[in-house]
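Q: First the structure, then my questions, so here it is.
The values are calculated or read from the model by the stated rules, or taken from the named source; none is laboratory data. Since we're looking at a predicted model, the values are computed, not measured. When we count neighbours, we look across all protein chains shown, and the Cβ atoms used for this are built from the backbone with ideal geometry, even at glycine. Calculation scope for accessible area: heavy atoms of the full protein, side chains included, ligands and nucleic acids excluded. Shrake-Rupley method; radii C 1.70, N 1.55, O 1.52, S 1.80 Å.
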Amino acid sequence: MYPDSLKVAQVIPIHKKGNKSACTNNRPISLLSQFNKIFERILHHILYSYLQDFELLDGYQFGFRPNSSTFLPVESIYLDLLHNYDNGLFTCSLFIDLSKAFDTVNHAILTKNLHQNYGLIGTAFQLFTSYLTNRKQYTVVNGAKSNCGNIACGIPQGSTLGPMLFIMYINDLPLYSKFKTILCADDTYLSLLHCSLSTLQSMVNNALLKVHDWMSLDKLSINYAKSMYLLTGKKIQSNLAEEFLVRLGNHQIKREQYVKYLGVIVDEKLNWSSHLKQIETKLAFASSVIYNTRNILPLDTLKLLYYNLAYTHLTYCVTAWGSATTSHLKPIYVKQNNILRNMTFSNCDAQVSSIDKRLNFLKAQDIYKLELANLMHKFHDGLLPSIYNGLFQRSSDLHNYNTRYASNKNYFMPSVHSNIGKMLISYKGAVMWREINAEYKNLPFHPFKKLYAIIGYRSTKYLVSFSKVPVKLQKLQQNIVLYIKLEHPLNLYW
């Protein structure tokens, strides 16, 4: 039995947005004892190992899982939308918002799922049942403490085990409809595709009936006002788009031109214009802060401001939006250049190439190359989730000819039908990977990442042959060559 003394939570409200005095605008965070965290971490490790060994979690469930990130669901969505667009198919993408998802988890349904869907029996089942029952909490606001009350439903936010139980609670949603379903915590994405808009509308509404029934049975509350959908595809006629209506239960879902999902704005034209404008605004703010503080702060502190206010936005999901056209990306390059000039008191017409080398900063376009190279290397070493196994195909797997292209461990470049298709990561990644020498591809991830960050982004010619590495990087060259000869982990000092 799970000790009752470890099931008492102190709840503090964390403001999200809007009026602070409104309870709905605050997120309840549960503070539990340190001993409880130790027990929960042990249980979490055992439970997750069990789920992984028997592959009980859906492959498109990205929330609260090791070696996963919010980049992966964003990339999955964008990859599907681009692929469907390039092949002349229409896609209806629904973004379903759940109200107070963690707080509405029904304990009876969860314990039933643990037994029937995940096979927990005996002592293990009794332990998790005990963990969920007889839980108590009290709230502390501005030093005032409420009475301790029983918890009838919900998973404690702030616990170690709670998030894992939540994804197990919603994990069977993909089984109840024909939608391609992508889950990341309580952010739910559903999509269907077809070559006919009228047929697609019928398919979507019929599938949503089952989704709504599942939500109702599992006691999950849908926020209809914040749920919306996108309609993407080539040459969508305005009159047909206006007639395309989507209903979830008794509510009509709004169609939007763009949707913010996990911090990334996906637009119906798939050109990233809305998201890039958001990044441009963030960079303009960072430039203003650095300009106003450069006279009182040392350069090292200004660098910290850059990494916190600008670099984080330039790297987040860059392998997705970094494939946008140069015309859309140019404002980003300009804003980043302004930041570097402000930081170094340079003139507005000063060459940025010398500045970024002096500061050891990556240009925005080089950040994209670096992150794409890292993604390709993770795929090459099998470090991505199994659902990405078919993202690239080795050229050597398609034929038995001993060509130079295949022997360099390159990947097949898929045929595309439009410029939109050339934005696919399966196309961009294959193009980038072929430029890297096979010797570099043999390196483990972290040495490869360091190597590419130092010389790869400066010029791809350095990635072709070790003999072309500049003299000032000879120590790096010697370490890499030694690593390849020894074929074991080596600390690389440069």
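Q: How large is ³J(HN,Hα), in whole Hz, for each residue of the stretch 44-52 in order, when computed from phi with the Karplus curve 6.51 cos²θ - 1.76 cosθ + 1.60 and θ = phi - 60°, using x for Gly and Pro?
A: Once rounded to whole Hz, the list reads 4, 4, 5, 5, 5, 4, 5, 5, 6.
Q: Right, something else. If I model a spin label at Asn19 and Ser130 as a point 7 Å from the Cα along the Cα→Cβ vector, what separation in nanometres do I get?
A: Result: 4.5 nm between the two label points.
Q: Here's a follow-up. Which trypsin sites (Lys or Arg not before Pro) in the stretch 1-73 sit in a loop by DSSP (not H, G, I, E or B) and have at most 11 other Cβ atoms within 10 Å of their own Cβ? Intermediate values should be presented prior to the final figure.
A: Values: sites: Lys7, Lys16, Lys17, Lys20, Lys37, Arg41; in loops: Lys7, Lys16, Lys17, Lys20.
Passing sites in the stretch 1-73 are Lys16, Lys17, Lys20.
Q: Give the ranking of Glu435, Glu75, Glu256, Glu242 by solvent-accessible surface, highest area first, calculated with a 1.4 Å probe.
A: Sorted by accessible area, descending: Glu242, Glu435, Glu256, Glu75.
Q: Classify the stretch 220-268: rounded, prolate or oblate, from the alpha-carbon gyration tensor (a ≥ b ≥ c, eigenvalue square roots; a/c under 1.5 rounded; otherwise prolate if a/b is larger than b/c)?
A: oblate
Q: Taking 7 Å along the Cα-to-C-beta vector as the label spot, tell me the Cys195-Asn389 distance in nanometres, rounded to one decimal.
A: 3.0
Q: Looking at the stretch 223-278, which trypsin sites (Lys or Arg not before Pro) are DSSP coil and have at most 10 other C-beta atoms within 10 Å of their C-beta? Spell out each step's value before the answer.
A: Numbers: sites: Lys226, Lys234, Lys235, Arg247, Lys254, Arg255, Lys260, Lys269, Lys277; in loops: Lys226, Lys234, Lys235, Lys269.
Here the trypsin sites (Lys or Arg not before Pro) that fit, given the DSSP loop and packing criteria, are Lys235.
Q: Next question. Is there a quick way to get the dipole size of the stretch 1-130? I mean about its Cα centre, with the Cβ of Lys and Arg at +1 and of Asp and Glu at -1; what is the value in debye to the nearest 20? Provide the component values of the computation, followed by the final result.
A: Values: 10 positive and 10 negative charges, 149 e Å.
With Lys and Arg at +1 and Asp and Glu at -1, about 720 debye.
Q: Check Ser191: other-chain or 5+ apart residues with amide H under 5 Å from its amide H, H built from backbone geometry?
A: Under 5 Å from the amide H of Ser191: Leu94, Lys180.
Q: How much length is gained on full extension from Thr301 to Asp349, taking 0.36 nm per residue of separation minus their Cα-Cα distance? Before the final figure, lay out each step's value.
A: On the way: separation 48, 0.36 × 48 = 17.28 nm, distance 2.44 nm.
14.8 nm is the gain from fully extending Thr301 to Asp349.
Q: Once the piece of chain linking Gln34 and Ile109 is laid out straight, how much longer is it, given 0.36 nm per residue of separation minus the C-alpha distance between them? All intermediate terms of the calculation are to be shown ahead of the outcome.
A: Working: separation 75, 0.36 × 75 = 27.00 nm, distance 2.84 nm.
Between Gln34 and Ile109, full extension yields 24.2 nm more.
Q: Only four residue types carry charge here, +1 at the Cβ of Lys and Arg and -1 at the Cβ of Asp and Glu. Report the dipole size of the chain about the Cα centre in Debye, rounded to the nearest 20. Could the numbers behind the result be given before it?
A: Working: 52 positive and 31 negative charges, 286 e Å.
The dipole of the chain has a size of about 1380 debye.
Q: Let me ask another. Using a 7 Å offset from the Cα along the Cα-to-Cβ direction at both Leu209 and Tyr333, what is the distance between the two label points in nm, to one decimal?
A: 5.3
Q: Counting heavy atoms of the protein chains only and a 1.4 Å probe, report the per residue accessible area for the chain as a whole number of Å². Write down the numbers at each step before the final one.
A: On the way: 25140 Å² over 494 residues.
About 51 Å² of surface per residue is accessible.
Q: Round to a whole number: what % of the accessible area of the chain belongs to carbon and sulfur, probe 1.4 Å? Let's see the in-between values first.
A: Numbers: 13300 of 25140 Å².
Roughly 53 percent, rounded to a whole number.
Q: Pop the C-beta distance of Gln257 and Thr123 into the FRET formula with R0 = 45 Å and round what comes out to the nearest 0.05. Before the final figure, lay out the partial values.
A: On the way: r = 54 Å, r/R0 = 1.19.
Computed FRET efficiency for Gln257 and Thr123 comes out at 0.25.
Q: Nearest 0.05, what FRET efficiency do Lys226 and Thr403 give at R0 = 41 Å with Cβ-Cβ as r? Provide the component values of the computation, followed by the final result.
A: On the way: r = 52 Å, r/R0 = 1.27.
Calculated transfer efficiency: 0.20.
Q: Tell me which trypsin sites (Lys or Arg not before Pro) from the stretch 345-439 have a DSSP coil assignment and no more than 15 other beta carbons within 10 Å of their own. Please list the in-between numbers first.
A: Working: sites: Lys357, Arg358, Lys363, Lys369, Lys378, Arg394, Arg404, Lys409, Lys422, Lys428, Arg434; in loops: Lys363, Lys409, Arg434.
Sparse-neighbourhood loop trypsin sites (Lys or Arg not before Pro): Arg434.
Q: Which Cα, out of Val318, His83, His15, lies furthest along the positive dipole direction of the chain (beta carbon charges, K/R +1, D/E -1)?
A: The listed residue farthest towards the positive side: Val318.
Q: Return the subset of Lys369/Lys409; Lys17/Lys145; Lys16/Lys330; Lys277/Lys409; Lys100/Lys254 for which the Cα-Cα distance in this structure is over 29 Å, preserving the input order.
A: Numbers: Lys369/Lys409 19 Å; Lys17/Lys145 23 Å; Lys16/Lys330 33 Å; Lys277/Lys409 38 Å; Lys100/Lys254 21 Å.
Long pairs (Cα-Cα over 29 Å): Lys16/Lys330; Lys277/Lys409.
Q: What is the Rg over Rh value, at two decimals, for the stretch 191-348, using alpha-carbon atoms and the Kirkwood definition of Rh? Please list the in-between numbers first.
A: Numbers: Rg = 21.5 Å, Rh = 18.9 Å.
Result: Rg/Rh = 1.14.
Q: How big is the stretch 64-123 in terms of Cα radius of gyration and Dmax, in angstroms?
A: Cα radius of gyration and Dmax of the stretch 64-123 are 17.8, 54 Å respectively.
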